[in-house]
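Values in this text are rule-based calculations from the coordinates and carry no lab data. Worth saying up front: this structure is predicted, and the values here are computed from it rather than measured. Positions of Cβ are backbone-derived with ideal geometry, glycine not excepted, and every protein chain shown enters the neighbour counts.
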């Protein structure tokens, strides 16, 4: 079994739980996921099976699209509604308008500095931030640079009600932190109330298979759902090889670059429309 499964992750389980379920259903041990989703988040979770697991690190570089729910006036330790509130809901929300929310959201577009939530899996001195938080220890959280390619308000029913926005962003972006920082900009506080990943690596939620549906399928039926490895790296520039170059490439022979202009960017190497592997810094990074 070799390929990519576009899984629709449900709420209430971890991304690794989904991998464990698929391992039990298929008997395959080489399965991995890209782009971890928090337990309460749902949506697109591509699972790589067999040789396709070699592509995981390159899939994570693709932009991701999220639809997030946001609640104004409430701050929590986790920056979402499942955390412990810092206090009662702020009365300052009364002055917030649709226009002020849209203006604040536009401030997040482009390359921004973001301070991740303390309850996250980012490591500081070899230890995950949420481990420090659970122990009640303070630790300096490093600011990271991430990119928000686009962000827009989807609906608005007044400051008292939940609203949703869509964000297309880079790897490492915490949508929870966008909600939190949005609340700080508006002067009333805010937290995330829901999160759905609707697209990543070319996979969309409309074509994602629910985990519960997989439980009812045979191994053969699951295998029939797999997309070829090529679909996972469609966002990478392509480099077409001829027959001789392809043979040398798959054997790891450095002479495969003869008569080729190799870019320093990450590229996907193909022969006859079949993905052979990945090139990084002009050298073979992975062979399938």
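A compact table of results
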| quantity | calculated |
| --- | --- |
| Most mobile of 28, 61, 99 in a GNM of the chain (Cα contacts under 10 Å) | 99 |
| Rg(Cα) / (2.2 N^0.38 Å) computed for the chain, rounded to two decimals | 1.14 |
| Value of Rg to Rh for region 16-72 (Rh from inverse mean 1/r over Cα pairs, i.e. Kirkwood) | 1.04 |
| For region 1-109, convex hull volume per residue from C-alpha positions, Å³ | 124 Å³ |
| Sequence ranges 150-156, 68-74, ranked by mean other-Cβ count within 10 angstrom, highest first | 68-74, 150-156 |
| Fully extended contour minus Cα-Cα distance, from residue 113 to residue 184, at 0.36 nm per residue | 24.1 nm |
| Difference of contour (0.36 nm per residue) and Cα-Cα distance, residue 103 to residue 164 | 20.5 nm |
| Gain on full stretching of the segment that runs from residue 285 to residue 145 - 0.36 nm per residue minus C-alpha separation | 47.9 nm |
| Over region 1-49 - Rg/Rh using Cα atoms and the Kirkwood inverse-distance radius | 0.94 |
| Estimated inter-spin distance, residue 258 and residue 131, nm [label 7 Å along Cα→Cβ] | 5.1 nm |
| Descending Cα extents along the principal axes, region 64-198, whole Å | 43, 34, 23 |
| Most to least packed among 190-201, 29-40 [average Cβ atoms within 10 Å] | 190-201, 29-40 |
| Per-selection metrics, region 249-288 (Cα): Rg and Dmax in Å | 9.3, 23 |
| Shape call, region 197-288: gyration tensor on alpha carbons, a/c limit 1.5 | prolate |
| Of 149, 271, 174, the one that fluctuates the most in a GNM where the chain has Cα springs shorter than 10 Å | 271 |
